[in-house]
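*Asks:* Have a look at the structure that comes next, please.
The values are calculated or read from the model by the stated rules, or taken from the named source; none is laboratory data. For clarity, every value in this text was computed on a predicted model and none was experimentally measured. Positions of Cβ are generated from backbone atoms using ideal geometry, with glycine treated the same way; all protein chains shown enter the neighbour counts. For the accessible areas, the whole protein counts, side chains as well, though only heavy atoms, and no ligand, DNA or RNA atoms are used. Shrake-Rupley method; radii C 1.70, N 1.55, O 1.52, S 1.80 Å.
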Amino acid sequence: MAEDCQEHKEFPSVVDRYFTRWYKPDVKGNACEDHCILQHSNRICVITLAECHPLIQDGKTIQSISYQISANRSRLQNKVSGKSKRGAQFLTEFSPLCRISSSDGEEYTIYSCIRGRLLEVNENILQNPGLLKEKPSTEGYIAVVLPKFQESKTVTDGLLSQKEYDEIVLTRTQTISDNAKNV
């Protein structure tokens, strides 16, 4: 009985309890630039960086984040109103959401990875870019996207489940380890 009291039980986080994690590895052919899509049962999807993204994995310092994706398109100008989400920008899987520059000169473009309407972007990461690395699944999210109702069941086609993603990460780790042994 005393052992039960001393035993620390880990409770699932809100994200783990209410969202399903989906992954898009090597986005646009860029090795290890993995994105994570958190899908809620109400079909809303939150776009974040995966744990293995170079910004998180390599401990890079984020220099700047820009939602200005072209000369005349800024995701910050996305103004959504009403129940039918009027004014929301429509995104495809390859629509850029933002660009992140690190202090080592690398620039990363973060893509939607799913089709839907852009409900909001996280303006908090503009003032506090460290949130992207410290809390990528919560306060450090990139954007919130709402897939069309008709597509809500198929929006994750082409994405990997947590188990499938873990297998890819394990394969990568083994490949790196094998390459290091051969050097």
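*Asks:* Solvent-accessible area per residue for the stretch 1-155 at a 1.4 Å probe radius, Å²? Don't skip to the answer; put the middle values down first.
*Replies:* Working: 8740 Å² over 155 residues.
Here the residues of the stretch 1-155 average 56 Å² of exposed surface.
*Asks:* Going by the alpha-carbon gyration tensor, a ≥ b ≥ c the square roots of its eigenvalues, is the chain rounded (a/c under 1.5) or, if a/c is not under 1.5, prolate (a/b greater than b/c) versus oblate?
*Replies:* Here the chain falls in the oblate category.
*Asks:* Right, next: Take the solvent-accessible surface of the protein heavy atoms, probe 1.4 Å, and return the percent of it on the chain that carbon and sulfur atoms account for. Provide the component values of the computation, followed by the final result.
*Replies:* Details: 5440 of 10890 Å².
The C+S portion of the solvent-accessible surface of the chain is 50 percent.
*Asks:* Also: Before anything else, pin down the relative contact order of the chain: Cα pairs under 8 Å, at least 6 apart, normalised by residue count, whole percent. The partial results should precede the final answer.
*Replies:* Details: 317 pairs, mean separation 39.2, N = 183.
This gives 21 percent for the chain.
*Asks:* While we're looking at this one, here's another question. Counting other C-beta atoms within 10 Å, and keeping those with at most 15, which DSSP coil chymotrypsin sites (Phe, Trp or Tyr not before Pro) do you find in the stretch 71-127?
*Replies:* On the way: sites: Phe90, Phe94, Tyr108, Tyr111; in loops: Phe94.
When the chymotrypsin sites (Phe, Trp or Tyr not before Pro) of the stretch 71-127 are filtered for loop state and at most 15 Cβ neighbours within 10 Å, Phe94 remain.
*Asks:* Mind listing which GluC sites (Glu not before Pro) in the stretch 88-126 are in a DSSP loop and have 14 or fewer other Cβ atoms within 10 Å? Mind showing how you got there, number by number?
*Replies:* On the way: sites: Glu93, Glu106, Glu107, Glu120, Glu123; in loops: Glu93, Glu106, Glu123.
Passing both the DSSP loop test and the Cβ count: Glu106, Glu123.
*Asks:* Report, by chain and number, residues whose modeled amide H sits under 5 Å from the one on Cys98, excluding near sequence neighbours (fewer than 5 apart, same chain).
*Replies:* Under 5 Å from the amide H of Cys98 lie the amide H atoms of Ile110, each far enough along the sequence or on another chain.
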